[in-house]
1. Quick one: 3J(HN,Hα) in Hz for segment 195-211, Karplus 6.51/-1.76/1.60 with θ = phi - 60°, rounded, Gly and Pro as x.
2. Taking the Cα-to-Cβ direction at E19 and at A194 and moving 7 Å from each Cα, how far apart do the two end points lie in nm?
3. Report the GluC sites (Glu not before Pro) located in segment 46-104 that are in a DSSP loop and have at most 10 other Cβ atoms inside 10 Å of their Cβ, or state none.
4. Around T80, with a cut-off of 11 angstrom between Cβ atoms, what is the net charge of the other residues, counting Lys and Arg +1 and Asp and Glu -1?
5. To the nearest Å, what is the center-to-center distance of segment 49-67 and segment 140-167, using C-alpha atoms only?
6. What distance in nm separates the simple spin-label points at T35 and K48, each placed 7 Å from Cα in the Cβ direction?
7. What is the local net charge at I43, summed over the other residues whose Cβ is closer than 10 Å to its Cβ (Lys, Arg +1; Asp, Glu -1)?
8. Enter the mean projected area of the convex hull around the alpha-carbon atoms of the chain, in nm², rounded to one decimal.
Amino acid sequence: MEKGKKGRKAPVKKTRNLEKSRKEILDAAFWEVFTRGFQGVSIDDIVKKTSMTKGAFYHQFPTKLDLGYALVDEVIKPMTYARWIDPLKTYENPLEGILLQLKNLIGKADPQELRYGCPLNNLVQEMAPVDPGFKARLQDALNYWIDGMDQELKRAKKAGYLREDINTRQVAHFVVMAHEGFYGMLKGLEDPKAFNALYDSLKRYFEILKA
């Protein structure tokens, strides 16, 4: 062994944690887009909310649209499922779960948060009409939500909580529409008390569906 090389360690290369960097950007972008709209924020606005340079941003997302698409696919779509579908699996009767989730996540929400509406619905209204890439991804997110709701309603039907003649797919569409309608109305009215009227209407609708 050559003199001076004994015990010498190879230099450690510093590598960026790309997954962590991507998450940091998406987390910052989510709040900015949620509160200001996709078209209302710039890349500079988002970069300022992170610990990264603009170069690091572009390494992850070559364009602002790439960021927007990832925001739908990697943040909003799974977040919607985690909030509105996964919890239903813990209820013997999914219909009760739907109502309780609505009460917990919307009825008891901070009014300051409700004034911003629903992240998914906001982007549907803002971006689906103007960009085909956004439209396709937002439709996929909505269908993913509807599919999950349909599966839970099928489970309710099999357990005897829904009438046999009920078309669960149609009900799933209606329930998802109701969720988005709740957010839209409360955002527009800026009156949290309006939740009770909307909630009672959906509750009466469920009574009609019961076996």
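1. Running phi through 6.51 cos²θ - 1.76 cosθ + 1.60 with θ = phi - 60° gives 4, 4, 5, 5, 4, 5, 5, 5, 4, 5, 4, 5, 4, 5, 7, 5, 6 Hz.
2. Taking the two extended label points, one gets 4.2 nm.
3. On the way: sites: E74, E92, E96; in loops: E92.
Passing both the DSSP loop test and the Cβ count: E92.
4. Result for the local shell: 0.
5. Their Cα centres are 39 Å away from one another.
6. 1.2
7. +1
8. 17.7
Throughout, read-outs are computed from the coordinates displayed, never taken from laboratory work. Predicted, not measured: the structure shown is a model, and the values here were computed from it. No Cβ is skipped: glycine too gets one built from the backbone with ideal geometry, and neighbour counts run over all protein chains shown.
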